[in-house]
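The structure appears right after this line, and notes come after that.
What follows is calculated from the coordinates using simple rules that are stated; it is not laboratory data. Nothing here was measured: the structure is a model prediction, and the numbers come from that model. Backbone-built Cβ (ideal geometry, glycine too); neighbour counts: all protein chains shown.
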Amino acid sequence: MNIDTTAIITAAIGPSLGFIGVLLRSFLGDRSYRRIKRIAELHEKLPTSVQTASEPLLLNLVDVYAKRAQKKLDRQVDGYSIVTLVVVGFLGGAATYFLVVWAEIAGGGWGILLYSIAIGVAIFIFLLMLVGLSQIFVYPGDKNYKEQ
């Protein structure tokens with residue numbers, strides 16, 4: 001593998017893992033819905049004398065689920081956070097790229113040190129982007145929320 005290919009692959013690892021995390025999160029679906037469905041099916045199978053005891057639990061779970069669903073409907077994407085994530089991903093990828101190229105050129109002990117620094121930068125950028133993903137929405141009452 002030549003220098004450019006190695007550097008590009010290494011630089012793309014952090015942002016790619018962040019993107020894969022977003023995709024997995026969207027495809028896995030909502031666990032709360034599956035939990036409510038499972039409890040509702042169990043509730044139907046119970047004798048009527050016990051159903052009265054489990055009904056408040058089921059109603060409470062549905063109420064919490066409805067509030068979360070409404071909160072998701074009311075939220076808006078924060079453009080500033082998206083731009084920040086893109087810039088951080090680009091700068092982190094570029095820094096990793098140049099560190100790997102420099103490590104390939106330096107070789108020896110310096111190369112190992114620079115590879116180690118590149119790995120540290122890539123992990124740091126990945127974790128930074130992972131934390132940033134939780135910040136991409138604004139909710140009613142937030143400073144950046146725009147009424148529709």
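Using a 10 Å cut-off on Cβ atoms, rank the peptides 125-132, 75-82, 56-63 from the highest mean neighbour count down. Write out the running numbers ahead of the final one.
Values: 125-132: 16.6, 75-82: 13.8, 56-63: 11.8.
Result, highest mean first: 125-132, 75-82, 56-63.
A straight Cα-to-Cα reach below 23 Å connects Lys71 with the lysines Lys37, Lys143, Lys146, residues fewer than 8 places away in its own chain not being considered. Computed from the Cβ-Cβ distance with R0 of 25 Å, the FRET efficiency linking Val64 to Gln135 stands at 0.60. Each of the peptides 102-112, 41-51 was scored by the mean count of other Cβ atoms within 10 Å over its residues; in descending order, highest first, they stand as 102-112, 41-51. In the stretch 58-124, the C-alpha radius of gyration followed by the widest Cα-Cα span (Dmax) gives 21.7, 65 angstrom.
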